[in-house]
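Worksheet for the structure shown next.
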Amino acid sequence: MRVTVGIASTGRAVVLRQMLSYMSTLDDLPDRVVVSIAARDDFEGPPPDDLPFELLVITSPKGSSAQRNAILKGEADSDVVLFLDDDFLISQGYITELRSLFARDPSILIATGCVLADGAKGPGLAFEDAVELLHSAGPAEASQPQDVRSGYGCNMAMRMIGQPELFDEALPLYGWLEDLDLSRRVARRGRVVRSDGLKGVHLGTKNGRTPGIRLGYSQIANPVYMLGKGTLGWRHALRLMVRNIAANLLGSVHPPPYLDRRGRLRGNLIAIGEVLCRRSNPARILELE
């Protein structure tokens, strides 16, 4: 079972270097790591010769969907591609258990793991704290997989069979909900599961993320776009949109320093206006500042 780790990274060369160095300390290693960057200064090492696995650095147009697709298109010889965010640390044994999971059940097409702590939901986690948390949690272990609606893009493995499903590049930049969109398309052919035995920690690093107004626009425009595609139902779309609007509205009163809640709310309002005028488009975020 040949496993490739794919990492799409933009503007976080230091974080990426730290993550690759950490991965090199694990006992079980992927067969290859492919890093997809949008600009030359997005990668600052470590040098491939210093790592215990094959490292390939490629370039593609900027955007999580486009950068991940560039990885998928070059990995026809892999059995599984595990997409990791550049600030996601996997536990000891993760790759070994991932191989076993896909070998045990051929119907599994996407698998995601258990996020022990998610810094994206707060101010972020320090690298040293994440490593300590992983050590205290112990290695990955066999677990009964549970069917879920979607993989979580920060750690999401795909079985490579024939022509793989690609991420939708009409969802630009951060690609809000691109993991859900892909998961729902793949679910028509097989299982999408979560295994709590696959453990990891998401640092939730704040630099390199989509500005508030753009993300706020995507929080409305992307679900509406997916409704039209049929990868999202009305009930789920409304729940996602209402939850984000409420969080941004309440958060705008006393916004935390690590989240641009007011920018997100502004983006929400712009998108709602354009939805009502029937001219919303996920690509509009490329025009917003």
*What single numbered condition from (1) of a type in the set (A, V, I, L, M); (2) in a strand (DSSP E or B); (3) in contact (Cβ under 8 Å) with a residue 40 or more places away in the chain fails to hold for Ile58?*
(3)
*Output the number of residues of the range 123-179 satisfying the condition of being more than 18 Å from Asp85 (Cα to Cα), in a loop (DSSP other than H, G, I, E, B) and not hydroxyl-bearing (Ser, Thr, Tyr).*
16
_Looking only at the range 197-210, and only at residues there that are among the charged types (D, E, K, R) and at pLDDT below 95, the one that is nearest to Glu128 (Cα to Cα)_ = Lys206
*asked:* Given the criteria in contact (Cβ under 8 Å) with a residue 60 or more places away in the chain and not assigned by TED's automatic domain parsing to the domain that holds Ile90, does Asn155 qualify?
replied: no
_Selection status of Ser78, touching a Pro at 6+ places or on another chain (Cβ under 9 Å) and touching a residue at least 60 places away in the same chain (Cβ under 8 Å)_ = no
_Qualifying positions in the range 62-82 - in a loop (DSSP other than H, G, I, E, B) and either among the polar types (S, T, N, Q) or under 15 Å from the mean Cα position of the chain (by Cα) (or both)_ = Lys62, Gly63, Ser78
*How do the pairs read when you match residues in the range 106-132 that are under 15 Å from Lys199 (Cβ atoms) with residues anywhere that are of a type in the set (Val, Ile, Thr) and surrounded by 17 or more Cβ atoms within 10 Å (Cβ to Cβ), using Cβ under 6 Å and keeping only pairs 6 or more apart or on different chains?*
Ala111/Val193; Leu116/Val201; Ala117/Val201; Ala130/Val201
_Quick check on the range 137-149: of everything there that is polar (S, T, N, Q) and at pLDDT below 95, which residue is surrounded by the most Cβ atoms within 10 Å (Cβ to Cβ)?_
Ser143
*Breaking point among (1) among the hydrophobic types (A, V, I, L, M, F, W, C); (2) more than 20 Å from the chain's Cα centre (by Cα); (3) crowded, with 18+ Cβ neighbours inside 10 Å, for Leu232*: (2)
*Name the one entry in Ser252, Ser195 that is of a type in the set (Gly, Ala, Ser), surrounded by fewer than 17 Cβ atoms within 10 Å (Cβ to Cβ) and either touching a helix residue (DSSP H, G or I) at 6+ places or on another chain (Cβ under 9 Å) or in contact (Cβ under 8 Å) with a residue 24 or more places away in the chain (or both).*
Ser252
*Of the residues that make up the range 216-227, is at least one polar (S, T, N, Q), in contact (Cβ under 8 Å) with a residue 60 or more places away in the chain and not assigned by TED's automatic domain parsing to the domain that holds Ile37?*
yes
*Working only within the range 83-107, note down all residues that are of a type in the set (Asp, Glu) and either assigned to a loop (DSSP other than H, G, I, E, B) or outside the structural domain of Leu125 (by TED's automatic domain parsing) (or both).*
Asp85, Asp86, Asp87, Asp105
*Looking at the range 113-149, which of its residues are over 26 Å from Asn248 (Cβ atoms) and touching a Gly at 6+ places or on another chain (Cβ under 6 Å)?*
Gly113, Pro139, Ala140, Glu141, Ala142, Ser143
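The values are calculated or read from the model by the stated rules, or taken from the named source; none is laboratory data. Note that the structure is predicted; figures quoted are calculated from it, not measured. Every residue, glycine among them, receives a Cβ derived from its backbone with ideal geometry; neighbour counts consider all protein chains shown.
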